[in-house]
1. Across the range 60-91, what is the total count of residues that are without any contact (Cβ under 8 Å) to a residue 24 or more places away in the chain and farther than 20 Å from residue 32 by Cβ?
2. Where residues in the range 31-74 are of a type in the set (A, V, I, L, M) and over 13 Å from residue 86 (Cβ atoms), which of them is surrounded by the most Cβ atoms within 10 Å (Cβ to Cβ)?
3. Do we have any residue at all in the range 56-66 that's part of a loop (DSSP other than H, G, I, E, B), hydrophobic (A, V, I, L, M, F, W, C) and at pLDDT 90 or above?
4. So which residues in the range 75-92 are surrounded by 11 or more Cβ atoms within 10 Å (Cβ to Cβ) and in a helix (DSSP H, G or I)?
Amino acid sequence: MERLQIEALAQQPVEQRRIELVERKGLAQVSDPAVIRDAAQRVLERNKAQVEQYRAGKTQVFGFLVGQLMKETRGKAKAELANEILLELLSG
């Protein structure tokens, strides 16, 4: 049975094999703003002291919060979008 699966996989176009591998291994990047926003809100709720420090002018804390967001999403959040959403939430 495994041999048949390998043969079927070998007959697929390379791009299709890449897509299936990414999906199977859970390597896809998270680019859904709603998912990233939910994760960012959880991070901000768990790190209220750092949020207050940031809002008081200690902007170096932003890097810590970005790191926590990436940890929350297991490094899968699209970085540019994650930064944008985090800044938006911190401003509000």
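The values are calculated or read from the model by the stated rules, or taken from the named source; none is laboratory data. Predicted, not measured: the structure shown is a model, and the values here were computed from it. Virtual Cβ from ideal backbone geometry, glycine too; neighbours counted across all protein chains shown.
1. 6
2. The extreme case among them is 35.
3. So in the range 56-66, the residues part of a loop (DSSP other than H, G, I, E, B) come out as 56-60.
Filter once more, so that each one left must be hydrophobic (A, V, I, L, M, F, W, C): 56.
Next, from what is left, pick out any that are at pLDDT 90 or above: 56.
Yes: the range 56-66 contains one or more residues that are part of a loop (DSSP other than H, G, I, E, B), hydrophobic (A, V, I, L, M, F, W, C) and at pLDDT 90 or above.
4. Within the range 75-92, 79, 81, 82, 83, 84, 85, 86, 87, 88, 89, 90 meet the criteria.
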